[in-house]
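Novice: One structure coming up, written as structure tokens, with questions to follow.
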Amino acid sequence: MFSLESNRLRLIPLNTSQLQLHASHYEALQRSLGLTPRLMLMEEYFQNEFDDALANYWLPETAANSVNFQWFTNWLIVHKVDNCVVGGIGVAGLPNDQGETEIGYGIDQAYRNQGIASEALARLSEWVFRHPAAKGLIAYTPLDLVHSQKVLQKTGFVSVEEKEGIILWRKLKPN
């Protein structure tokens, strides 16, 4: 099984059948991956975003792009020592005509303020920038989501624009 690793984390991209299992029986998905099952604690806003992405993006896009599914899915963020899922991260497809793709992430409330989001974001960014067409990553945060903005700044993203309470962030591929 393909995954990415960092000091404390393992990032596991979910294929279509794993996403289906995630939707129907999350504990069974965790067990199938050899992980210690636990529920994620997320704010309603993030849970709604996740549910929408699962049904309307990840499932149809991974099914349509089975060869490159990693570019269209949720990657589980696994804490190696605790052997459990502590968040999710992913990109919204292969680089577009401008060489960019969007990245997003969410961390379980119990694992926040430990540098996990920054570590996962840095590791997945490295993977994205190995693609020859990748020139940049973008991310969006609500104006009031200060913790997420700090994660983006810490990992080399810069604020580009603010519109209607949403900030656009960009990170360019290192030379």
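Each row is one residue, and each column tells you yes or no for (1) closer than 25 Å to Ser118 by Cβ; (2) of a type in the set (S, T, N, Q); (3) touching a Gly at 6+ places or on another chain (Cβ under 9 Å); (4) not in a helix (DSSP H, G or I).
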position	(1), (2), (3), (4)
Gln20	no, yes, no, no
Tyr45	yes, no, no, no
Glu61	no, no, yes, no
Ser66	no, yes, no, yes
Gln70	yes, yes, yes, no
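Novice: Let me ask another. Determine whether segment 72-80 contains at least one residue that is surrounded by fewer than 17 Cβ atoms within 10 Å (Cβ to Cβ), at pLDDT 95 or above and under 26 Å from Tyr111 (Cα atoms). Don't jump to the end; show me each part of the working.
Specialist: Taking segment 72-80 as the starting set, the residues that turn out to be surrounded by fewer than 17 Cβ atoms within 10 Å (Cβ to Cβ) are 80.
Checking the rest, the ones that are also at pLDDT 95 or above come to 80.
Of the ones still in play, those that are also under 26 Å from Tyr111 (Cα atoms) are 80.
Checked against the condition, which is being surrounded by fewer than 17 Cβ atoms within 10 Å (Cβ to Cβ), at pLDDT 95 or above and under 26 Å from Tyr111 (Cα atoms), segment 72-80 yields at least one hit.
Novice: So which residues in segment 120-129 are surrounded by fewer than 19 Cβ atoms within 10 Å (Cβ to Cβ) and either in contact with a strand residue (DSSP E or B) (Cβ under 6 Å, 6 or more places away or on another chain) or of a type outside the set (D, E, K, R) (or both)?
Specialist: Here is the first cut: in segment 120-129, the residues surrounded by fewer than 19 Cβ atoms within 10 Å (Cβ to Cβ) are 122, 126-127, 129.
Once the filter is applied, which keeps residues that are surrounded by fewer than 19 Cβ atoms within 10 Å (Cβ to Cβ) and either in contact with a strand residue (DSSP E or B) (Cβ under 6 Å, 6 or more places away or on another chain) or of a type outside the set (D, E, K, R) (or both), segment 120-129 yields Ala122, Trp127, Phe129.
Novice: Gly34 versus (1) surrounded by 19 or more Cβ atoms within 10 Å (Cβ to Cβ); (2) assigned to a loop (DSSP other than H, G, I, E, B); (3) of a type outside the set (D, E, K, R): which is the lone unmet condition?
Specialist: (1)
Novice: Also, I was wondering about something else. Could you look through segment 72-83, keep only residues that are in a strand (DSSP E or B) and out of contact with any Pro (no Cβ under 7 Å at 6 or more places or on another chain), and pick out the one that is nearest to Ala23 (Cα to Cα)?
Specialist: Leu76
Novice: On the given criteria, is Val86 assigned to a loop (DSSP other than H, G, I, E, B) and either under 16 Å from the mean Cα position of the chain (by Cα) or within 21 Å of Phe129 (Cβ to Cβ) (or both)? Even if it seems obvious, please write down each step before you answer.
Specialist: Details: assigned to a loop (DSSP other than H, G, I, E, B): no; either under 16 Å from the mean Cα position of the chain (by Cα) or within 21 Å of Phe129 (Cβ to Cβ) (or both): yes.
The answer is no for Val86.
Novice: Moving on to the next point. Pick out the one residue from Gly106, Gly93 that is on the phi > 0 side of the Ramachandran plot and of a type outside the set (Ser, Thr, Tyr). Don't jump to the end; show me each part of the working.
Specialist: On the way: Gly106 fails: on the phi > 0 side of the Ramachandran plot.
On inspection, the qualifying residue turns out to be Gly93.
The values are calculated or read from the model by the stated rules, or taken from the named source; none is laboratory data. Fair warning: this is a prediction, and the values are worked out from it, not measured in the lab. A quick note on method: Cβ atoms are made from the backbone with ideal geometry, for glycine too, and the neighbour counts reach across all protein chains shown.
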